[in-house]
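For reference, the structure discussed in these notes is given below.
Please treat every number below as a calculation from the coordinates, not as lab data. Everything quoted here is computed from the prediction, not taken from an experiment. Cβ atoms come from the backbone with ideal geometry, glycine included; neighbour counts cover every protein chain shown.
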Amino acid sequence: MVTWSLLRELAGFRAENGCATSLYLNLDPSEVPTAGDAQARMNALLTAAAKSDRKDLTHAQRGSLKADWERIAQWFDDDFERDGSQGLAVFAAGLDNFWRTLPLPEPVPDKVKVGRDFQLAPLVPLVARADGTIVAVVGREQGQLYRLSAGRLEELIQHFDEQPGQHDQGGWSQARYRRHIENLVHEHLKGVAEELDRSRRRLQSPKVVLVCAEEMRSEFTDELSAEARDALVGWTAARAQAGPAELLDAVTPILERAEAKDESEAIERWREEAGRNGRASAGWEQTLEAASDARVELLLFQEGSDRSAWRCPACGRATVSDGSCPLDGTRMEEVDAGLDLAVHQTLAHGGAVWAIRHHADLAPVEGIGALLRF
């Protein structure tokens, strides 16, 4: 899965000795059903890359670039396992000792890009925004806490309190025995709630999803702290013996609804700030300037939005027009992917990036905007 930490790692790379190759391969089964189809697409990508003009490179750089493409082809032939992947990304820079392969959970357009840094914009729509979410699975005797990490549920805590069976009733009256069981269940739920509160604070988790029987939901949520209740984004039920994969399937619709809600709130906040000329940028000129000045808290772009732009080869500053860098006077160079410049600048300065899927509010401002720190 694509995570913020991975994006920041890739954004932090800049080729000092050679070139950085970013290769994206579409593996959507409806378009690329067989291994032979995938191989043909990979061969076509690498062949087109080999035919491109590289006269601006040194002899050593051209040789290293060719070696990188040969390594990609060899790896794809010998080591790649499709295993349900719908896309593939490969990042290579031999002269700078960088190599990373990344199977993707969603399709991406076929593309090879060579430059000083890696192209990251195709990965942004795939970023796992729900990473870190705690999934609390609660029953009358057991409670498990999982944390969503890189598309998988990892167990954090298992809390078990065995309740007495019918044979343990002895001389108790039925009503008294029932109250005793209810008290034990209540104490168990209280213990699980306390574990959840501690884990949420320790992990600084912004979201919690509850999995339990409907009749237990209100009793359990009553035991949570106000902060944990505020972090609760949804509830669902699952089979008593469900494993992590089945639980993830059960909570995925809740996480998707939570993402859509987060997006709505971000867009509304952006619209309010932009409407009063507050802490928001709108359009390419304002947004590239803000990203270069480390002012972007959250970069927002409509999927498919992009345009050419200009970049300072010395400091990386981005702008929509030609000229000299206002910081160091270096002549700006044109690039065909302005979105990638905005993404790199935002991530390099600690901001986040969202591809907007559920709203069209950015269409009137060229498909891009940002919420700003100042």
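Around the amide H of L88, modelled in the peptide plane, lie the amide H atoms of L25, L27, L104, V108, all under 5 Å away and 5 or more residues distant in sequence or on another chain. Less than 5 angstrom separates the built amide H of I356 from those of F301, Q302, E303, all sequence-distant by 5 or more or on a different chain. As an equivalent ellipsoid, the range 279-374 spans semi-axes of 22, 14, 10 angstrom, where each value is the square root of five times an eigenvalue of the C-alpha gyration tensor, largest first.
Extension gain for A60-R276 works out to 72.4 nm (0.36 nm per residue, less the C-alpha to C-alpha distance).
Here the chain was treated as a single set of alpha-carbon atoms; its pair distances binned every 10 Å from 0 give 5, 19, 24, 22, 15, 8, 4, 2, 1, 0 percent.
So, with +1 on the Cβ of K and R and -1 on the Cβ of D and E, and no other charges, what is the size of the charge dipole of the chain about its Cα centre, to the nearest 20 debye? Kindly include the intermediate steps, with their values, before the conclusion.
Values: 43 positive and 61 negative charges, 128 e Å.
Computed about the Cα centre, the dipole is about 620 debye.
Taking the centroid of alpha carbons for each part, the range 315-350 and the range 221-241 are 45 Å apart. Of all lysines in the structure, the ones whose alpha carbon falls short of 19 Å from that of K51, not counting any fewer than 8 places away in one chain, are K66, K111, K113.
Go through 53-60, 80-87, 276-283 and give me the packing order, highest mean Cβ count within 10 Å leading.
Working: 53-60: 9.8, 80-87: 14.2, 276-283: 16.6.
Result, highest mean Cβ count within 10 Å first: 276-283, 80-87, 53-60.
The lysines within cross-link reach of K190, meaning a Cα-to-Cα straight distance under 27 Å and a gap of 8 or more places when in the same chain, are K207.
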